[in-house]
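Derivation of every value follows stated rules applied to the coordinates shown; laboratory data play no part. Quick caveat, the model's predicted, so the values are computed rather than measured. With ideal geometry, Cβ positions are generated from the backbone for all residues, glycine too; neighbour counts draw on all protein chains shown.
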Amino acid sequence: MDRIVDFGPPGPPSSVYVHIPFCRDRCTYCAFATLADDPARHRELVEALELEAARASHASLGIAPLQTLYLGGGTPALLAPALLARLLGSLKDRFGLSPGAEITLEANPTDVDAAALASWHEVGITRLSVGIQTFRDDVLAGFGRHHDGGVARAALQRVAQRWGGDWSADLLVGWLGQQPEDVRDDIEALLGFDPPHVAVYGLTIEPHTVLARLRAAGHAVAAPEASHPDLDRAWSEPLERAGYQRYEVSNHCRDGRRSRHNQVYWANASYVGLGPGASSSVHPHRWSNHRDLDRYLVAVSGVGPRVSCEIVSPEARLLESLAVGLRTADGLPTVELDRRFTPAWRDALGGSLAELFAAGALLEAGGFLRLPASGMPTVDRLMASVAAACGRLGGDGRDATVGVI
Amino acid sequence: MKQELIRNFSIIAHIDHGKSTLADRLLELTRTVELRDKRAQLLDSMDLERERGITIKAAAASMEYEKDGQSYRLNLIDTPGHVDFNYEVERSLQACEGALLLVDATQGVEAQTVHNTVLADNAGLTIIPVINKIDVGSARPEAVSEEIENVLTIERERCIGVSAKTGEGVLALLDRIVDEIPPPAGNPEGTLRALIYDAEFNDYRGVIVHVRIVDGSLNAGDRIRMKAGGTRHEALELGLFRPQMVPCKTLGTGEVGYLIANIKTLADVRVGDTVMLDKDSTSVALPGYRPARSMVFCGIYPTANKDFDILRTALERLQLNDAAFTFAPETSDALGFGFRCGFLGLLHMEIVQERLERESHVDIVQTAPNVTYEVVLKDGTIRRLDSPSQLPDVMQVEALREPMVKLDIVTPDEHIGSIMKLAIERRGKFLHREYLGPGRVIIGFRIPLSEIIFDFFDRLKSATRGYATMDYEFDGFDVDDLVKMRILVNGEEVDALSAIVHRDQASPKGRSIIKVLRKEIPRHLFKVALQAAIGGKIVAREDIAPLRKDVTSKCYGGDISRKRKLLEKQKAGKKRMKMVGSVEIPQKAFFAVLKGPDD
């Protein structure tokens, strides 16, 4: 196979993710780096984030004025308005902010009251992502969520009425016993609030979660796989009828109001993550931070918070690009693939593409490489075929020096 | 060593009856090896042999044993323990004058015991019946000696009880070896005739030939010739197995040892051949030599076509060490370029496959095994088929013949019914049934080899709760109503999956093959249609419904490298897949088709 080259994404990183690990409770399905909330430590974390941002701006990452900033968690909405203002101010001073930048905050329904909405608006948040999961009280209680259906409705009501900016609501599908009617009920309830953006996540049992332990002990913890196609249809069809575009496997929006930050991931472009457990990708590296808050705090003022760092080979990057890009309705612009990987990328994938084209599993049209409309639910299978036929994968297994950023 | 002080013997036994343990004890008690050198089961030198507890290659050990003030040399020739290596067993026995017939006191006479006793008898050996494991609580030496008398017609008084594990009775056994096994005959003044009873390949020394000197003597430096092979060599080094190789200057009449003669490949050395002096053109070959003949074949293909040359090199290397293994290039429409490989039997095939995987790191696809068929053409010529895909056009074929075996099964009598049912399902014809002793019978069948090469033994074991044992020998070719069954995947014939089956069984076999394939082939993004056809007639069909959903829901910053690692893992899993058109068929499927669905 011809070696390909990776010239990297088109521009310097201009997207930052900030991880705030605190949560009131841990949800049974959650595998993120989280820990029980401790307001006394919020300031300590924000200081560390400021320090990490300072290191990042001094390192040769070439971070450009931010186009997108995403505060995720955990529950970043737990930060007091003043502290949130300070953090955003520091990041803005450090990196600069492009006009019209998208600044997203993740929030739980419990956190969404009128005062909070006003303060978030004031500190510059432009977009909210509200974790509803479901309106069913029993299911929410089972997941260990802090809200119930009533709280969720009230929160959405407030957001719909008072929040002037962009917003999104998350639903979770595939819980134990869930029927297509249950999915349709949730979707219908959500659409009543006219959200500009809806994300629907299939419940996945991640390792080291409560659900994973239950499953290992022999309990059924999720809807059987055989029911997934029907559950999928139960949300994708009503959303489509209501005028939402499924622009990524799990993400839908109206009037083009996509998440700009997440599109950076799906374009396999560069981004910098700050905070415990955050991941970063800046050509040609990929790294992630210590997940443990204490270790992160110690490391950030010492050798740096990176716990692993690798140089991603061009072949592996190409597969990454396909794996994330084919999840989107647009697909991948071939002109960008040609620029980034040189036109040799087609050869690098061996015969795999030809067969997939022939089978109609992959399309190339209008300058884009994409799936047929029916292909989204099976993109993992497709990627497995692409990867299997690809000559080399996974880079050289080289670990880059865990450097100071 | 004087001829009359030499005793050459082997141990014949059913698998697991304690042959290797007894060999270890003999080596220890004669101080051939010190206890501190001891690895469990000294004579099984390949890892595979030790892991599986079977002997694949013959091995030998020379021991010194003193009796009544006289020192004797006892040469133990360890024979392979499986029917696949029957020919090697015969040759090894020919190098001996006696055999220890080892029977487990808790198990009794088994199919292989009977079979091996017949071989030893035919070779004219003095047999000492040895009942092993007398220290075990469930031992029933009396009943076992009665079985030995009834079935093998060896007087029960001649049986000797030992415990190879504790060493009990083993010294008495050594005395009986000296007293009862005759010293080698043969003419020490005659011209050299040595029997090649085994050979192995060593990376540094080339071929190491195991020989038994029948007449005359062999000296280091002699110019020698292989009678059947015709090649000429110089005897560079001679020696004894103790059991490691110890060089000596001369091997005299009746002695057993090794010969190194700068021979580069095992293909130049044929087990059963006669070694003679090059200058001596008159001497007559020792009887019994015949080239090893493969009875079971399968296709071995690289998963990636570019690995063809690497695979060829790997097969050549294996053949260096295993002259009975044969291979020739073949092309399959479905699998591309690969090799048709021939084996002595099923176990031999498994061993080769395992060694190939361990030693070569090539990913291979192996097709289901088949036997050799003989096709009689309309013009009267007879051709051998190593693969169903070689079957000529049906218009040219007068008849198809398949290899038959005589099969002996030893079992507790309560399982006779289920064994009869199994054998008859497999087209077996009942031949005879005799009681070995109370409650144990031996049943004989004549049955097509193709019916027992795959899962027969597993089925037999499950039908008899593990109690039955079996052994078989080749018994000619029979004409039967055989047809070729083609398997189509999405309308495309997969030649590597086609099989020759009996017409009466075609429909059920077709259905069962399709059922297995349906289980083994993963779901695709499109519907996969599986069909079995005899001629133009579809006898079975099943569809694999397309995959409807498998995508993981979330994919954000931290998920991307995870996603890539998952792809890497899947890629490794897909190494054992073969693309047929746009359908991925796992290696397992090619092998599983003959097995039939699990019931």
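Here are the numbers for this structure:
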item: Pair B:Lys554, A:Ala64: separation of 7 Å Cα→Cβ label points (nm); result: 2.9 nm
item: Cα Rg over Rh - chain B, Kirkwood; result: 1.01
item: In nm, spacing of pseudo-spin labels at B:Thr191 and B:Glu357 (7 Å Cα→C-beta vector); result: 5.1 nm
item: Amide proton proximity set for B:Arg426, modelled H, under 5 Å, gap of 5+; result: none
item: Whole-Hz ³J(HN,Hα) from phi, Karplus 6.51 cos²θ - 1.76 cosθ + 1.60, for the range B:542-548, glycine and proline x; result: 8, 10, 9, 5, x, 5, 9
item: Extension gain (nm, one decimal) between B:Arg317 and B:Tyr435, 0.36 nm per residue minus Cα-Cα; result: 37.8 nm
item: Lys, Arg +1 and Asp, Glu -1 on Cβ, resulting dipole of chain B about Cα centre, debye, nearest 20; result: 2740 debye
item: Dipole magnitude of the protein assembly as shown, debye to nearest 20 (Cβ charges: Lys/Arg +1, Asp/Glu -1, about Cα centre); result: 2160 debye
item: Estimated FRET transfer efficiency when R0 is 51 angstrom, pair A:Ala359-A:Glu47 (beta carbons, to 0.05); result: 0.40
item: For B:Gly161, distant residues with modelled amide H under 5 Å away; result: B:Ile131
item: Positive-end residue, the protein assembly as shown charge dipole about Cα centroid, Cβ charges, pick of B:Val516, B:Ser10, A:Val112; result: A:Val112
item: Aspartates and glutamates whose Cα lies under 13 Å from that of B:Lys527, excluding same-chain neighbours fewer than 8 positions away; result: B:Glu542, B:Asp543, B:Glu584
item: Eligible lysines near B:Lys249 by straight Cα distance, threshold 18 Å, same-chain separation 8 or greater; result: B:Lys2
item: B:Ala545 paired with A:Glu188, simple spin-label distance in nm, labels 7 Å along Cα-to-beta-carbon; result: 2.6 nm
item: B:Lys378/B:Asn150 FRET efficiency (R0 41 Å; Cβ-Cβ; nearest 0.05); result: 0.20
item: Lysines with Cα under 22 Å of B:Lys165, excluding same-chain neighbours fewer than 8 positions away; result: B:Lys19, B:Lys38, B:Lys133
item: 10 Å Cβ neighbours from other chains, averaged over peptide A:372-382; result: 5
item: From phi via Karplus (6.51, -1.76, 1.60), per-residue ³J(HN,Hα) for the range B:243-252 in Hz, x at Gly/Pro; result: x, 5, 7, 10, x, 8, 7, 9, 10, x
item: 5 angstrom amide H check on B:Ile154, placed H, neighbours 5+ away; result: B:Glu149
item: Residue-wise HN-Hα coupling along the range B:20-32, computed from phi with Karplus coefficients 6.51, -1.76, 1.60 (Hz; x: Gly, Pro); result: 5, 5, 5, 4, 4, 5, 4, 5, 5, 5, 8, 6, 5
item: Entries in B:Lys484/B:Lys571; B:Lys519/B:Lys565; B:Lys421/B:Lys509; B:Lys406/B:Lys537; A:Lys92/B:Lys563; B:Lys549/B:Lys588 that, when Cα-Cα distance is taken, lie over 29 Å; result: B:Lys484/B:Lys571; B:Lys406/B:Lys537; A:Lys92/B:Lys563
item: Inter-centroid distance (Cα atoms) of the range B:172-244 relative to the range B:494-569, Å; result: 55 Å
item: Distance from the range A:1-52 to the range B:349-367 (C-alpha centre basis), Å; result: 47 Å
item: Neighbour-count order for B:Lys537, B:Lys588, fewest beta carbons within 10 angstrom listed first; result: B:Lys537, B:Lys588
item: Estimated 222 nm signal from helices in the protein assembly as shown, with DSSP H stretches of n ≥ 4 weighted -39500 (n - 2.57), rounded to 500; result: -9000 deg cm²/dmol
item: Electrostatic dipole magnitude of chain A [Cβ: Lys, Arg +1; Asp, Glu -1; Cα centre; debye, to 20]; result: 660 debye
item: Rounded FRET efficiency, nearest 0.05, which uses the C-beta distance separating B:Lys2 from B:Glu157 and R0 of 35 Å; result: 0.65
